[in-house]
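The values are calculated or read from the model by the stated rules, or taken from the named source; none is laboratory data. Quick caveat, the model's predicted, so the values are computed rather than measured. Using ideal geometry, Cβ is built from the backbone for each residue, glycine included, and neighbour counts are taken over all protein chains shown.
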């Protein structure tokens, strides 16, 4: 049975109420959809995995990636979706290794959307015209967005066989499409 975006969003909102986490989920969803589109994969499926990846973060932070299976069963999420969602915390809060391409993408872009968001917030134009160069410049500043795990991003890019710059561009492209919805577009 396919899970609709509406069902996924309802479940996400049931367990996550902060706007910043909602915007993060939308960002990861958009990037996962962009990645699926480029790779000829199922955009809806990849997007829903991105949307639900932090399902247990706000209410159960000490059980992140371990409480998720129970919550995802509320919408009859298939085992492969649960595996994908739990694998995004590999090496940090989970020992479930990303195996499929979609899982590796989720692992890499989860952290990267945070760096792109932080970079955009420092610019008057926000996401409008943001470049790989500007994100990479901020990447090098370890004190900037210090909570973003750059090692995870680099490891994810390596797992995918992608250059970090290409992964950053993919993330920018995915997030730009929803920038107004997540507050990352300049006021008109």
Legend entry - Failed condition for residue 86, given (1) in contact (Cβ under 8 Å) with a residue 60 or more places away in the chain; (2) closer than 23 Å to residue 156 by Cα: (1)
Inset, instruction - Report yes if residue 82 is modelled with pLDDT of 95 or more, over 17 Å from residue 178 (Cβ atoms), assigned to a helix (DSSP H, G or I) and out of contact with any strand residue (DSSP E or B) (no Cβ under 9 Å at 6 or more places or on another chain), otherwise no. - result: yes
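If we keep just the residues of the stretch 165-188 that are free of Cβ contacts under 8 Å to residues at least 24 places away in the same chain and either surrounded by 19 or more Cβ atoms within 10 Å (Cβ to Cβ) or out of contact with any helix residue (DSSP H, G or I) (no Cβ under 9 Å at 6 or more places or on another chain) (or both), which is nearest to residue 118 (Cα to Cα)? Even if it seems obvious, please write down each step before you answer.
Filtering the stretch 165-188 for residues free of Cβ contacts under 8 Å to residues at least 24 places away in the same chain gives 166, 180, 187-188.
Keeping just the survivors that are either surrounded by 19 or more Cβ atoms within 10 Å (Cβ to Cβ) or out of contact with any helix residue (DSSP H, G or I) (no Cβ under 9 Å at 6 or more places or on another chain) (or both) gives 180, 187-188.
Working: 180: 15, 187: 18, 188: 21 Å.
It comes out as 180.
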Inset, instruction - Might you check whether a residue that is part of a helix (DSSP H, G or I) and either farther than 26 Å from residue 4 by Cα or touching a residue at least 60 places away in the same chain (Cβ under 8 Å) (or both) occurs anywhere in the stretch 123-131? - result: no
Legend entry - Filter result for residue 98 (in contact (Cβ under 8 Å) with a residue 40 or more places away in the chain, more than 15 Å from the chain's Cα centre (by Cα) and assigned to a loop (DSSP other than H, G, I, E, B)): no
Inset, instruction - Out of the residues in the stretch 72-91 that are more than 15 Å from the chain's Cα centre (by Cα) and buried (at least 22 other Cβ atoms within 10 Å of the Cβ), state the one that is nearest to residue 14 (Cα to Cα). - result: 72
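Tell me, yes or no, whether the stretch 58-76 has at least one residue that is without any contact (Cβ under 8 Å) to a residue 60 or more places away in the chain and on the phi > 0 side of the Ramachandran plot.
Within the stretch 58-76, the subset without any contact (Cβ under 8 Å) to a residue 60 or more places away in the chain is 58-70, 73.
When the remaining residues are screened for being on the phi > 0 side of the Ramachandran plot, the result is 65.
Yes, that holds for at least one residue.
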